[in-house]
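Scroll down for the structure; my scribbles are underneath it.
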Amino acid sequence: MNLLKGSAIALILRILSALISFVVAASITRNLGTDQAGLYFYATSLVILFVSVCGLGLNNTVLKYVAIYHNQQNALKLNAVVNKSVIWSASVSLVVVALTSVLLVFYPQVAGNNHQYYYLFLFAVPCLAVIALISHAIQATGKVAISMMMAGLIQPFSFLVINFVLVPHEITSLAQNYFFSVLCALSACIIYWLRQNHFSYNLNFDSKILLASCSSLLIFQIFQQFNTVIGQLFLGLWGSNTEVALFAVSIKVATLTSFIMFAVNRVVAPKFAALYAANDLVGLGIAVAHSKRIMLLATFPLIALLLFFPEFILAFFGEEYKTSASILRVLALIQFFSVWVGSVSYLLIMTGQEKAHRNNVIISSVIASVIGCIIVPFYPLWGAVAISGLCVIITCYLSSRVVSKKLGINMFSLFT
């Protein structure tokens, strides 16, 4: 599958997933109102952070090694990497769930008065961690479309169907529907992997190699996910549920642009690893430039729509959301900058520069968090926009400098 064809398929699936998620979010905001919707968006932002911790940084480790062993047709090593990673992640997830459940039992005030729905979101964490690992393994074998369906299509589609059948009118029933949808996605993911990839229960893979690779990626993954939800987390501390909902909807719409980058990365990430392993830096530079042009071409119409007609789009979520049109415009421009820089994150990870990228993500998180503690208590919504944007801009700039120095590729150029 060539880059253009693979990216097109991945993009179509990602757009479909985005549209389903868009409809789900719109139905939630209309059925539950801004206050209850804010609780949902805040809870799911915590889920994202928990999943990044429980993933142990193994997602991209699995992607890297499965791609290598798949090319070598080494099924035993391939299964060993996936099996050991799933066992490690599932074990840590269960421990985290147990400890957090105990915390909620003895200190219920941490989550507020009505916190029972938190357990349902919490129980989804181990399932989502395993889904992420297996979908990355499927991606590394070249089955990009199947991987994307497992990781980003089945769960939101199941959620949409369940919400249609069992219409939620408060946060607890919504949390139940969310948990059931995650179980559906997990079942499909496991069944496919067991039946289609010559599964064998093999754990014969050096744990030291796995630890050495994932140790840097764990910190990176946690801070990277923290950066994606930093605005919602800070608003949850110093803003209202309504403000959380307004910001969450705006950033969800704005990050539709990142779906294009995600779709292309699904195809090029294994290619980056293979080209670098073959010491083909010229081919690597060509692949980077080609992928960027595809992303920019696909992104431009959506960016124009978000900049000129933000009220029209936000009206789908409810009339009250139209007030955040200016916020959507700014967030859309930030996402466009990220697309312009290109696949810098995957490029560094696939070429052995995990530590450099990890350090850049940490730096951006620390700077944004310090600034957030200063401005978000006084200017909640715009403070959340500012720190979210800082995370993107600082990370992209610092990581682009590393790529230029180590690989000789200018991430701000459209050509090699």
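Structure values in brief
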read-out	value
Spatially proximal lysines relative to Lys208 (Cα-Cα < 21 Å; intrachain offsets below 8 disregarded)	Lys64, Lys77, Lys84, Lys355
Size of the range 31-173 as Cα extents on the principal axes (Å, biggest first)	54, 35, 19
Calculated on alpha-carbon atoms, Rg and Dmax of the range 107-262 in Å	18.1, 51
Sulfur and carbon atoms: percent of accessible area, the chain [1.4 Å]	69 percent
Accessible area (Å², 1.4 Å probe, nearest 10) - Val161	70 Å²
Label corresponding to Rg and Dmax of the Cα atoms in Å when calculated from the structure given, among (1) 27.8, 103; (2) 20.5, 59; (3) 19.6, 64	(2)
Helix runs (DSSP H) in the chain reaching 27 Å along axis by Cα, Kyte-Doolittle at least 1.6	75-106, 117-140, 281-308
Dipole of the chain, positive direction: furthest Cα of Ile230, Val392, Leu94, with charges on the beta-carbon	Val392
Net +/- balance of residues flanking Ser400 in space, Cβ distance below 14 Å, scoring K and R +1, D and E -1	+4
Span from the the range 347-416 Cα centroid across to the the range 303-317 one, whole angstrom	27 Å
Counted charge near Gly352, where neighbours are those whose Cβ lies closer than 10 Å (Asp, Glu -1; Lys, Arg +1)	+2
Among Ser89, Ser187, Ser399: highest mean-square fluctuation, GNM of the chain, C-alpha pairs under 10 Å	Ser187
Radius 15 Å from Cβ of Ile154, net charge of other residues (Lys, Arg +1; Asp, Glu -1)	+2
Highest average packing first - 283-290, 363-370, 48-55, 297-304, Cβ atoms within 10 Å	48-55, 283-290, 363-370, 297-304
Value in Å of the Kirkwood radius, where the range 233-340 supplies the Cα pairs that are averaged	15.5 Å
Average accessible surface area per residue within the chain, 1.4 Å rolling probe, Å²	42 Å²
Burial order of peptide ranges 305-317, 127-139 (average beta-carbon count within 10 Å, highest first)	127-139, 305-317
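The values are calculated or read from the model by the stated rules, or taken from the named source; none is laboratory data. It should be emphasised that the depicted structure is a prediction, and the values quoted were computed from it without experimental measurement. A quick note on method: Cβ atoms are made from the backbone with ideal geometry, for glycine too, and the neighbour counts reach across all protein chains shown. SASA here: full protein model, heavy atoms, side chains in, ligands and nucleic acids out. Shrake-Rupley method; radii C 1.70, N 1.55, O 1.52, S 1.80 Å.
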